[in-house]
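Colleague: Handing you a structure now.
We did not get these values from a lab; they are worked out from the coordinates using the rules stated. Here the structure is a predicted model, which is why all the values come from computation and not from measurement. With ideal geometry, Cβ positions are generated from the backbone for all residues, glycine too; neighbour counts draw on all protein chains shown.
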There are 2 protein chains.
Amino acid sequence: MQQIETYQRLFQQYLSSHPFKSEPVSLYEPINYIMELGGKRLRPVLALLGYTMFEEGPEKALPVAYAVELFHNFTLVHDDIMDQAPLRRGKPTVHERYGANTGILSGDVMLIHVYDYLLQACEPAHTHALISAFNRIAVEVCQGQQYDMEFESRQEVAIEEYIRMIELKTAALLGGSLQLGAIVAGAPPVDIERLAFFGRQIGIAFQLHDDLLDVFGDPGKFGKKVGGDIVQNKKTFLVLKALELADEATRQRLRSLLVDSKLPETDKISAVTALFEQLDIARHTEIAKSTFRQQAYDSLEAVQAPNAKKQVLMQLAELLMEREV
Amino acid sequence: MQQIETYQRLFQQYLSSHPFKSEPVSLYEPINYIMELGGKRLRPVLALLGYTMFEEGPEKALPVAYAVELFHNFTLVHDDIMDQAPLRRGKPTVHERYGANTGILSGDVMLIHVYDYLLQACEPAHTHALISAFNRIAVEVCQGQQYDMEFESRQEVAIEEYIRMIELKTAALLGGSLQLGAIVAGAPPVDIERLAFFGRQIGIAFQLHDDLLDVFGDPGKFGKKVGGDIVQNKKTFLVLKALELADEATRQRLRSLLVDSKLPETDKISAVTALFEQLDIARHTEIAKSTFRQQAYDSLEAVQAPNAKKQVLMQLAELLMEREV
């Protein structure tokens with residue numbers, strides 16, 4: 001815990017001392033705005049941890065940590081435009097505050113500056129390897145977002161497709177942050193792969209946990225509104241699993257409940273939740289979650305690095321999934 | 001001429017044999033669509049010419065040529081969304097055909113893949129220099145687009161600000177294409193700078209020429225609608241120069257003509273054109289154009305390279321400005 005908080009603080013200091021100052025102000029102000037909105041700084045902390053797994057002192061990994069956080073925030077700016085989201089961390093989204101056109105263009109500039117930080121992150125001799133790895137991750141995140149949008153309008157989505165989508169959209173960058181930190185440290189390729197796989201599987205488990213929280217979370221502790229996914233008719237793991245396990249009559253009932261736009265929100269939430277309980281969906285989701293978590297830990301176990309450092313990563317993983325269900 | 005056409009064909013073949021084939025199709029189809037819409041392939045030809053100025057055979061410069069064309073098309077996709085443009089080269093724009101969300105996301109993926117082509121474009125030892133140069137250019141293009149959007153809603157724009165805007169938005173990538181080709185060839189830094197400056201100044205002259213064509217172009221030969229900038233109340237060089245040279249009464253008359261939304265289009269065009277003629281704006285624009293062209297040629301002259309190769313670049317520059325005024 002202590003090390004994680006230390007890294008969060010260290011990164012926040014670095015971030016605050018590196019505001020964008022270029023002209024035109026109208027292009028760069030939105031970037032500083034979103035970057036200062038806060039958050040857990042999970043990805044940069046992962047990048048720092050990926051580095052210190054193999055090298056002493058996290059300072060040298062601050063540019064690569066900044067690169068992954070900047071990239072993550074770029075995806076938030078553009079995704080919020082696509083989702084027409086008015087709020088982000090309780091504040092107006094970039095496009096809401098500065099207009100969609102500036103949102104698109106400031107996002108584009110963020111993505112270009114990500115590569116500036118990647119160039120700073122290592123010796124020129126390693127630039128090729130670092131950017132090559134980053135590009136694969138970045139493309140995956142975009143593919144995940146496209147699948148997510150596609151699934152909204154699709155009737156049938158297989159559970160495997162859903163897992164692949166969250167792997168691309170969310171988990172690739174979590175594993176990727178560890179991976180890029182380890183590349184900057186010059187870690188052996190096989191350990192880099194193992195660490196990336198650990199992060200990816202934890203990312204999937206974390207998203208399943210989030211799906212679960214949306215329905216069964218403690219309203220006092222869960223940050224978002226409980227039942228939000230149900231109201232929005234999102235095809236989460238819970239819904240897809242329920243459709244898979246239900247008999248024909250129940251499946252029909254669930255489908256019609258999900259698309260029922262006349263039903264009051266609270267009734268819709270409680271009816272769908274009752275169906276989930278009847279089908280024991282929480283237990284099934286926990287099983288899937290545990291499988292991914294176990295795969296993650298097995299992969300981490302095999303990494304050639306001090307045990308104490310692996311412990312910190314496991315702590316972080318548990319922290320991500322500790323919120324009350 | 002012959003060499004330019006040979007390079008256009010060579011690039012087109014390379015382009016056609018490198019379609020994006022990744023999944024999801026919905027993300028990559030729009031990229032292949034815009035890349036195959038055609039155009040003069042000016043930027044990739046410049047990249048090939050920048051390379052062959054210092055090295056034999058253009059083939060090795062095809063990846064960097066592809067990178068600049070892909071980046072240019074990325075800017076078109078996002079700019080068309082911002083401008084709500086329905087058509088591009090006479091065909092539906094990407095967002096018109098595939099939706100704005102896909103337009104944003106396909107554009108993002110294009111930008112990431114630009115860096116893949118930059119990685120392919122040279123030995124790993126030179127990646128750092130190449131991407132560093134590209135990033136400066138790419139950021140400038142975005143800054144130019146932001147200034148362009150800002151100027152639309154601004155009352156006063158100085159001629160120097162306008163020149164700077166077109167330098168960033170248009171000329172930086174024209175000079176940049178030559179520059180990146182020369183970097184891949186391993187040219188001496190001083191020659192790379194001279195070549196980049198040549199392309200930049202030609203780019204500014206070319207944009208001034210385009211401003212002129214919009215008003216005084218031969219309708220049969222000019223691709224776009226004559227007077228389009230006047231109808232849209234664009235602050236072109238002609239308008240800014242007219243505002244600068246006019247006496248107070250004429251300035252007021254021009255300002256009110258430009259914002260008059262009740263006046264029929266043809267009346268607005270002929271009234272503004274008459275004012276331009278009265279103030280001899282075409283000649284003033286030609287003078288500015290010649291100044292930038294001369295600066296370009298002086299810079300090219302100083303490059304250490306065979307004269308025959310400089311001749312081809314000058315041919316290309318003249319070609320860009322040969323359309324009838």
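Colleague: With loop defined by DSSP as not H, G, I, E or B, and exposure as at most 16 other Cβ atoms within 10 Å, which is the longest segment of chain A clear of exposed trypsin sites (Lys or Arg not before Pro)?
Modeller: A:155-220
Colleague: Treating cross-link reach as a plain straight distance, find the lysines whose alpha-carbon is under 19 Å from the alpha-carbon of B:Lys91, omitting any fewer than eight places away in the same chain.
Modeller: Qualifying lysines at Cα under 19 Å: B:Lys40, B:Lys224, B:Lys225.
Colleague: Right, something else. Looking only at other chains, what is the average number of their beta-carbon atoms within 10 angstrom of each beta-carbon in A:74-87?
Modeller: 2
Colleague: Using alpha carbon centroids, what distance separates the range A:246-325 and the range A:19-65, in Å?
Modeller: 30 Å
Colleague: Place the label 7 angstrom along Cα→C-beta at A:Arg136 and in each other copy, then list the distances from the first to the rest in nm, shortest first.
Modeller: 3.2
Colleague: Going by a ≥ b ≥ c, the root eigenvalues of the Cα gyration tensor, does the range A:1-187 fall in the rounded group (a/c under 1.5), the prolate group (a/b larger than b/c) or the oblate group?
Modeller: Oblate.
Colleague: Moving on to the next point. What are the distances, in nm and sorted shortest first, from the label point of A:Gln2 to the label points of the same position in each other copy, with each label point placed 7 Å from Cα along the Cα-to-Cβ direction?
Modeller: A:Gln2 label point versus its equivalents elsewhere: 7.8 nm.
Colleague: While we're on this one: Count neighbours as other Cβ atoms within 10 Å of each site's Cβ, and list the GluC sites (Glu not before Pro) in the range A:135-177 that are DSSP loop with at most 12 such neighbours.
Modeller: For GluC sites (Glu not before Pro) across the range A:135-177 that sit outside H, G, I, E and B with at most 12 neighbouring Cβ atoms in 10 Å, the list reads A:Glu156.
Colleague: Report relative contact order for chain B in percent, whole number only (criteria: Cα-Cα under 8 Å, sequence separation at least 6).
Modeller: Contact order relative to length: 19 percent.
Colleague: Does chain A come out rounded, prolate or oblate by the C-alpha gyration tensor, with a ≥ b ≥ c the root eigenvalues, rounded set by a/c under 1.5 and, if not, prolate when a/b is larger than b/c and oblate if not?
Modeller: oblate
Colleague: If you don't mind, there's one more thing I want to ask. Among B:Glu193, B:Glu5, what is the fewest-to-most ranking by other Cβ atoms within 10 Å?
Modeller: Taking fewest neighbouring Cβ atoms as first place, the list is B:Glu5, B:Glu193.
Colleague: Follow-up question, since we're still on this one. Could you grab the Rg to Rh ratio for the range B:101-161? Cα atoms only, Kirkwood for Rh.
Modeller: For the range B:101-161, the value is 1.15.
Colleague: Relative to the Cα centre, what is the charge dipole magnitude of the range B:169-282, using +1 at the beta carbon of each Lys and Arg, -1 at the beta carbon of each Asp and Glu, and rounding to the nearest 20 debye?
Modeller: The dipole of the range B:169-282 has a size of about 300 debye.
Colleague: Shape verdict for the range B:131-287, please, from the Cα gyration tensor: rounded (a/c under 1.5), prolate (a/b greater than b/c) or oblate.
Modeller: Prolate, since a/c reaches 1.5 and a/b exceeds b/c.
Colleague: Now for a different question. Using only the Cα atoms of the protein assembly as shown, what semi-axes does the equivalent ellipsoid have when each is the square root of 5 times a gyration tensor eigenvalue? Give whole Å, largest first.
Modeller: The answer is 49, 31, 22 Å, longest axis first.
Colleague: Mind jotting down the distance between the C-alpha centroids of the range A:167-200 and the range B:107-162, whole Å?
Modeller: Taking the Cα centre of each part, the range B:107-162 and the range A:167-200 sit 29 Å apart.
Colleague: Based on DSSP H assignment, which helices of chain A show an axial Cα extent of at least 24 Å together with a mean Kyte-Doolittle hydropathy greater than or equal to 0.0?
Modeller: A:62-82, A:100-121, A:189-216
Colleague: If each DSSP helix of 4+ residues adds -39,500 (n - 2.57) and the sum is divided by the residues in chain A, what number results at 222 nm, nearest 500 deg cm²/dmol?
Modeller: So the calculated ellipticity at 222 nm is -24000 deg cm²/dmol.
Colleague: Additional query: Using a label position 7 Å from Cα in the Cα→Cβ direction, what is the ascending list of nm distances from B:Val231 to the same site in the other copies?
Modeller: Values, ascending and in nm: 4.6.
Colleague: Can you give me the orientation-averaged projected area of the convex hull built on the Cα atoms of the range B:231-305, in nm²?
Modeller: Here the figure is 6.2 nm², rounded to one decimal.
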